[in-house]
Amino acid sequence: MARQERAVRTRRAILEAAASVFDERGYDAATIADILARAGVTKGALYFHFASKQELAQGVLDEQFAEGGVPHRESKLQELVDVAMVLAYRMKREPMLSAGARLSLGPGMREIFGGGSVPGWIEFTRTLLCRAKEQGELLPHVDPAETAWILSACWTGVQIYSQTLNDRTDIEERVAAVYQHICPSIATPAMLARLDIAPDRGQRVTAEMGPGPGRPVQEHDPAFS
């Protein structure tokens, strides 16, 4: 059991180091030597868990879905908003999520990773929208598949613009603005009145979730006060 726990910790350390290097330098410029130096592990330990740089990058991409969850909500539209706002809050603080975006959207990444995490996020969004529609939260005309594509594209555009123009300092306000603009066209009036799309929603939901991989305990988090 102790050996297994060490292996899990080592794998996590390697992924976090790889994410930092990919986020700072991009996939092409990153090297295994850079990642080894950042992780503080041996080459044998790294290759025990990951056979190549591409496999390492895929591991970083996969972590987006492992870390991108939020508490389940009765309202699936609120749950979708929460996911978007939590990612916005954490992306500017955690290289694992930021690197995943860079690996998905960078030049030439489609040929290597087949779209990275983008198809998965579109499908994730579609699934939540389908459930929201089944629960009567969406207007009758809303097509969950089309709306999922649009929301995913808007979120991606916001994070690229925010990074380019402001180093992501305004990403939470910008993501909130996207949902504040789009939700009136897809949500029923009753549902719209209940939605919380405030810019600080991601911070509050993250505090609700408590600590986890890549989420250090913060003194102001109510779960730890």
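Tell me the angle of helix 95-105 to the major Cα principal axis of the chain, expressed in degrees between 0 and 90 and rounded to the nearest ten.
Compared with the principal axis, the helix lies near 80 degrees.
How large is the charge dipole for region 133-181, taken about the Cα centre, if only the Cβ atoms of Lys, Arg (+1) and Asp, Glu (-1) carry charge, to the nearest 20 debye?
In debye, rounded to 20, region 133-181 gives about 80.
With springs only between Cα atoms under 10 Å, which of E173, E79, E146 fluctuates most in a Gaussian network model of the chain?
Residue with maximal mean-square fluctuation among E173, E79, E146: E146.
In degrees from 0 to 90, rounded to the nearest 10, what is the angle of the helix 76-91 Cα long axis to the longest principal axis of the chain?
Helix 76-91 sits roughly 40 degrees off the main axis of the chain.
Can you tell me the relative contact order of the chain? Whole percent, Cα pairs under 8 Å, sequence separation 6 or more.
Once normalised by length, the contact order is 20 percent.
Would you pull out the residues with amide H under 5 Å of A187's amide H, same chain only if 5 or more places away, H placed 1.01 Å from N?
L139
Rank S185, S117 by accessible area, highest first, at a 1.4 Å probe radius?
The ranking, largest first, comes out as S185, S117.
Ordering V81, V178 by how much accessible area each has at a 1.4 Å probe, largest first, what is the list?
Details: V81 0, V178 30 Å².
Correct descending sequence by accessible area is V178, V81.
Rounded to the nearest 20 debye, what is the charge dipole size of region 80-201 about its Cα centre when +1 sits on each Lys and Arg Cβ and -1 on each Asp and Glu Cβ?
Dipole about the Cα centre, nearest 20: 160 debye.
In what order, largest first, do H141, H49 sit by accessible area if the probe radius is 1.4 Å?
Largest accessible area first, the residues go H141, H49.
Once you list every other residue whose beta carbon is under 10 Å from the beta carbon of D143, what net charge do they have if Lys and Arg are +1 and Asp and Glu are -1?
Summing Lys and Arg as +1 and Asp and Glu as -1 gives +1.
Considering the options A7, Q64, S20, tell which one lies farthest towards the positive end of the dipole of region 1-88, charges being +1 on Lys and Arg and -1 on Asp and Glu at the Cβ, about the Cα centre.
A7
On alpha-carbon atoms, Rg over Rh for the chain using Kirkwood Rh?
Reported Rg/Rh (Cα atoms, Kirkwood Rh): 1.00.
Please report the net charge: other residues with Cβ closer than 14 Å to the Cβ of T164, K and R +1, D and E -1.
Numbers: positive: K92, R102, R168, R174; negative: D167, D170.
Computed value for this residue: +2.
Can you give the charge dipole size of the chain about its Cα centre, rounded to the nearest 20 debye, using +1 on the beta carbon of Lys and Arg and -1 on the beta carbon of Asp and Glu?
So the magnitude is around 540 debye.
Putting +1 on Lys and Arg Cβ atoms and -1 on Asp and Glu Cβ atoms, find which of Q203, A45, V81 reaches farthest to the positive end of the dipole of the chain.
Comparing the listed Cα positions along the dipole, A45 ranks first.
Could you name the lysines in cross-link range of K43, using Cα to Cα under 24 Å and dropping any fewer than eight places away on the same chain?
K53
For region 1-89, count all C-alpha to C-alpha pairs, find those more than 18 Å apart, and express that count as a whole percent of the total.
51
As I understand it, the value is the acute angle between the Cα axis of helix 2-29 and the longest principal axis of the Cα atoms of the chain; what does it come to in degrees, rounded to 10?
80
The values are calculated or read from the model by the stated rules, or taken from the named source; none is laboratory data. Since this is a predicted model, take the numbers as computed values, not measurements. Note that each Cβ is placed from the backbone with ideal geometry, even for glycine, and that neighbours are counted across all protein chains shown. Calculation scope for accessible area: heavy atoms of the full protein, side chains included, ligands and nucleic acids excluded. Shrake-Rupley method; radii C 1.70, N 1.55, O 1.52, S 1.80 Å.
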